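> Before I ask anything, here is the structure I am working with.
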Amino acid sequence: MEMQKFSMPELRTEVEIPGRGKVTYSSPEGEIEYSPYMTKTGNNYYDSKAEIPEGYRMSTAAEELAIQLALEREGKDPRKSEVFNDLFARGPDKIYMWQWTETGLRMPKGRDPKSYETDPQGRKYWVRMLLIGDEEQGEVMVPEGGGRIVPYTEDLSDVWDEVSGLPRVTAESGNEYDNHTTHFWFNPNMEEGAVGRWGIWLHDGGREGCLRVDAHYGRSGVDSRGGFRLVRGPLGTLQKTEKTE
């Protein structure tokens, strides 16, 4: 089975959790081996996971983001990279694949799904429990979705949470954001959902494709285009340090 090596950088992020001040999450660096193409199953998350050969696992949203940002930091367009071919129907199956990851989001107990926080710029955020598999890792702040873009900045850590694989900032599309690569979808009404990926065409009459990070669907949903990326290597867990102010 063809695999490529990738050294995961040491990833750290600091988020503001309402009522608890700033919380720092970190994920240790390490080397993983990953398949350069997706494995199509046509099944939901759980049945797809059951098809994984022994010694392998499904990639996380953070690992997919790490591959994407490594390309962007080298000045490359991840949408044109072979590693994401399957998301844009450039793979052997010639379909726009939906990619399951091991990452999910769960509504914290007692949380009102309509309850959100706003930052000083008026942007909306929902508190959710980050899942790796079925294991709760800690609370993260999820920004507004609905197809909003992840704006481009020179320091990509300003707009991406590299531990969860989710955007930290989203914005309405505009001329000042023409060089973005990714859109974000999020359904705040779901008790528990997957964090997946696929490709989407929204701009320039359908000629300009973008990556789509999607926390909009449940893990039990079946999509004939569904699949995942095989990975071999340790699955890190988050380390949380609370900061009081």
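> Hey, Met190 hits all of (1) closer than 21 Å to Arg219 by Cα; (2) within 16 Å of the chain's Cα centre (by Cα) but one; which does it fall short on?
(2)
> I'd like the full set of residues that are farther than 21 Å from Arg197 by Cα and small (Gly, Ala, Ser), limited to region 109-165.
Listed by number, the residues that qualify are Gly110, Ser115, Gly122, Gly138.
> Please determine, by comparing only the residues of region 66-95 that are aliphatic (A, V, I, L, M) and part of a helix (DSSP H, G or I), which one is surrounded by the most Cβ atoms within 10 Å (Cβ to Cβ).
The qualifying residue surrounded by the most Cβ atoms within 10 Å (Cβ to Cβ) is Leu87.
> In the set Glu154, Glu139, which member is assigned to a loop (DSSP other than H, G, I, E, B) and either within 15 Å of the chain's Cα centre (by Cα) or at pLDDT below 95 (or both)?
Glu154
> Which of the numbered conditions does Lys109 fail, given that it passes all the others? Conditions: (1) within 15 Å of Thr13 (Cβ to Cβ); (2) surrounded by fewer than 15 Cβ atoms within 10 Å (Cβ to Cβ); (3) among the charged types (D, E, K, R).
For Lys109, the failing item is (1).
> Hey, another quick one. Taking the condition of being within 17 Å of Ala194 (Cα to Cα) and not basic (Lys, Arg), how many residues in region 39-81 meet it?
Matching residues across region 39-81 total 17.
> Between a residue in region 91-112 that is farther than 16 Å from Ser35 by Cβ and in contact (Cβ under 8 Å) with a residue 24 or more places away in the chain and any residue that is in a loop (DSSP other than H, G, I, E, B) and of a type in the set (Asp, Glu), which pairs come within a Cβ distance under 6 Å, given they are 6 or more apart or on different chains?
Cβ pairs passing all conditions: Trp98/Asp223; Met107/Glu191.
> Looking at this structure, is Pro188 without any contact (Cβ under 8 Å) to a residue 12 or more places away in the chain and not aromatic (Phe, Trp, Tyr)? Can you show your working first?
Numbers: without any contact (Cβ under 8 Å) to a residue 12 or more places away in the chain: no; not aromatic (Phe, Trp, Tyr): yes.
No: the conditions fail for Pro188.
> Looking at region 7-65 only, could you name the residues that are of a type in the set (A, V, I, L, M), modelled with pLDDT of 80 or more and outside any loop (DSSP other than H, G, I, E, B)?
Met8, Ile32, Ala50, Met58, Ala61, Ala62, Leu65 - these are the residues of region 7-65 that are of a type in the set (A, V, I, L, M), modelled with pLDDT of 80 or more and outside any loop (DSSP other than H, G, I, E, B).
> Quick test of your reading of the structure: Val169 fulfils all but one of (1) β-branched (Val, Ile, Thr); (2) under 16 Å from Val195 (Cβ atoms); (3) surrounded by fewer than 21 Cβ atoms within 10 Å (Cβ to Cβ); (4) touching a helix residue (DSSP H, G or I) at 6+ places or on another chain (Cβ under 8 Å). Name the failing condition by number.
It is condition (2) that Val169 fails.
> Take the residues in region 140-166 that are among the small types (Gly, Ala, Ser) and surrounded by fewer than 19 Cβ atoms within 10 Å (Cβ to Cβ); name whichever of them is farthest from Lys114 (Cα to Cα).
Per the criteria, the residue is Ser157.
> To continue, here is another question. Within the group Ser173, Ser164, which residue is more than 16 Å from the chain's Cα centre (by Cα) and not in a helix (DSSP H, G or I)?
Ser173
> When the residues of region 186-234 are filtered to those that are of a type in the set (Val, Ile, Thr) and surrounded by fewer than 20 Cβ atoms within 10 Å (Cβ to Cβ), which remaining residue is modelled with the highest pLDDT?
Val222
The values are calculated or read from the model by the stated rules, or taken from the named source; none is laboratory data. Not measured: the values here are computed from a predicted model. Using ideal geometry, Cβ is built from the backbone for each residue, glycine included, and neighbour counts are taken over all protein chains shown.
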